[in-house]
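Everything on this sheet refers to the single structure shown next.
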Amino acid sequence: VKGNYFLANLTRKIFMEPAVDPVAIAIRSCFEHKCENRFFYYSPSYSYLSLSPERFISIKNKKIMSEPIKGTGKTIEQLKRNEKDFEENTMIVDLVRSDLSKVCIPNSIKVEQYQNIVMHTGLAQMNSTVVGELENGFDIIQTIKTLMPIASISGTPKPRVVKAIDQYEHTDRVIYCGAVGWLDTEKNECDLKVAIRGIETSNNVTSIGVGAGITARSN
């Protein structure tokens, strides 16, 4: 309302102690949670299960694509009626376009799909697709670093919101809201998902990160 931020994605973590069985949860998720981008890492001291529906970036043949998700409802009809979520998605699409302009050839950035509402397991969500073309000889590692932190889990204006996140959040996000996926530095290709919908287990404690985009219309 004061105009300091247009959109801030604030998060917190829920902790469970003793920890859940990470392998059992990962197996159970295969039966109960439809997810195209399931990711599971396990060691005796640390595990991470990601059920993320959101693509941070994919890069192939110098083409870069980002598919930000902003807007969540219990049903597709509920989401269609929520003006706040449409505005939130618009702001994030603009932020992704701005981020990609730092690494892409000028005038190559396009919005291919805008505010498409789809049903995931238990949730309706709104996603858009933004694409661009990278310069010849681009550095894929530097490209990823330039686009961090990820637009949809920060906010706009991004530099100011990132400072607010450090101020208001009392727990480090660590892998939460980062990226998981694969990266090929020889072919300069990658496919990275936003590390949301994750279950992290370490030192006999399980944690789940949860967050939401806050705007002037938020309740």
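The values are calculated or read from the model by the stated rules, or taken from the named source; none is laboratory data. Remember, predicted model here, so these are calculated numbers, not experimental data. Neighbour counts run over all protein chains shown; Cβ positions are idealised from the backbone, glycine included. When the accessible area is computed, the model is the full protein with side chains, heavy atoms only, and any ligands, DNA or RNA have been set aside. Shrake-Rupley method; radii C 1.70, N 1.55, O 1.52, S 1.80 Å.
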Original post:
Which residues, taken from segment 132-186, are touching a residue at least 40 places away in the same chain (Cβ under 8 Å) and polar (S, T, N, Q)?
Top reply: N136, T143, T146, S152, S154, T156, T171, T185
Original post:
Are there any pairs with C-beta distances below 9 angstrom linking a residue in segment 20-41 that is without any contact (Cβ under 8 Å) to a residue 40 or more places away in the chain and farther than 18 Å from L123 by Cβ to a residue that is in a strand (DSSP E or B) and open to solvent by 100 Å² or more (accessible area, probe 1.4 Å), with the two at least 6 apart or on different chains, and if so which?
Top reply: V23/Y42; A26/Y42
Subject >> Filter result for I92 (closer than 25 Å to V174 by Cβ, within 13 Å of the chain's Cα centre (by Cα) and assigned to a strand (DSSP E or B)) >> reply: no
**OP:** Would you mind stating whether S52 is open to solvent by less than 100 Å² (accessible area, probe 1.4 Å) and in a helix (DSSP H, G or I)?
**Re:** no
**OP:** Would you be able to say whether some residue in segment 124-145 is among the basic types (K, R) and more than 20 Å from Y176 (Cα to Cα)?
**Re:** no
Original post:
Inside segment 170-217, can you point out the residues that are among the charged types (D, E, K, R) and assigned to a strand (DSSP E or B)?
Top reply: D184, E189, D191, K193, E200
Subject >> Within segment 102-137, tally of residues that are open to solvent by less than 70 Å² (accessible area, probe 1.4 Å) and assigned to a loop (DSSP other than H, G, I, E, B) >> reply: 6
